[in-house]
Amino acid sequence: MNPLPVITAGPRDEEHVMATIVLAFGNDPPARWMFPQPQQYLANFPLFARAFGGAALSQRTAYCIDMFAGVALWLPPDAEPDEAALTALLERAVSANKLPHVFTILEKLGKYHPAEPHWYLPMTGVDPARQRNGYGSRLLAHALQRIDQDHLPAYLESTNPANIPLYQKHGFELMDTVSVSDAPPMFPMLRQAR
C-alpha cells in the first residue's frame, strides 16, 4: 500500500490547518501553562499559532497529510514569526504573573536559533484522534528532504519531552533544556545541514 501523500497547504487552507494545530496542542504543557482555562486556550491559542507559524501558509511551506489530520508549519530562511502580533497577544492574554516568564523563555530560546540561514519548525501537530499513524514522521521526512536539497540546517523547539525521540530519529540533536520558574521545560533542537 502506498503511503498517504504529503501536500502543500496555502492561505485558503488556514482554517483547516489551525483547527488541527489547536487540537494537537490541547494538552501541550507550555501552551496550557500559558492558557490554562479551556475558554482562554480556545480564544487565544489560534491567534498564537497564526502569529507564530502562520507565515508558512503564505510561503507555501505548510504541509499536511490525510485531509489535515497532521500539519507542519515550516518557515524558510526568509520568513519569521509575526513578533508584533505575538507580543501584543501575549501581553493581552497571558496572566500578569506568568508574562515575564514567557518573555524570559522566548529570550533564552532565541539564543539557540542558528545565526546562519536555516529552516524553522515553529509548530507541527497531529489531531489526537489520528495519532500513532506515522503522520508526524512523514511530515518531517517530507520537509527535511527539501531542506537537505538546500543544504541548510533545521531548528525547532520541542514543547513535549515525549516528542524528542521522534525528532532525534530524523537527525535533530537536543541542544539544551530551557526552564524558567514553574513553566514547563522546552527543548531546542538542531539538525545540521546535510
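Observations, loosely collected:
- Global form of the stretch 1-55, assessed from the alpha-carbon gyration tensor, a/c cut-off 1.5: prolate
- Dipole-positive endmost among GLY125, ALA84, LEU47 within the chain (Cβ charges, Cα centre): GLY125
- Accessible area in the full protein assembly, largest first, 1.4 Å probe, for ASP176, ASP66: ASP176, ASP66
- Here the 3J(HN,Hα) profile of the stretch 77-89, calculated from phi with Karplus coefficients 6.51, -1.76 and 1.60 at θ = phi - 60°, is x, 9, 10, 9, x, 7, 5, 5, 5, 5, 4, 4, 5 Hz, Gly and Pro shown as x.
- In this Cβ point-charge picture (+1 for Lys and Arg, -1 for Asp and Glu), the stretch 38-171 has a dipole of about 440 debye about its Cα centre.
- Solvent-accessible area per residue, Å², over the chain with all protein chains present [probe radius 1.4 Å]: 50 Å²
- Radius of gyration and maximum dimension Dmax of the stretch 1-125, Cα, Å: 15.0, 52
- Accessible area per residue was computed with a 1.4 Å probe on protein heavy atoms; ARG138 scores about 80 Å².
- When LYS98, LYS111 are compared by accessible surface with a 1.4 Å probe, the order from highest to lowest is LYS111, LYS98.
The values are calculated or read from the model by the stated rules, or taken from the named source; none is laboratory data. Remember, it's a predicted structure, so these values are computed and weren't measured experimentally. No Cβ is skipped: glycine too gets one built from the backbone with ideal geometry, and neighbour counts run over all protein chains shown. Accessible surface areas use protein heavy atoms only, side chains included; no ligands, DNA or RNA. Shrake-Rupley method; radii C 1.70, N 1.55, O 1.52, S 1.80 Å.
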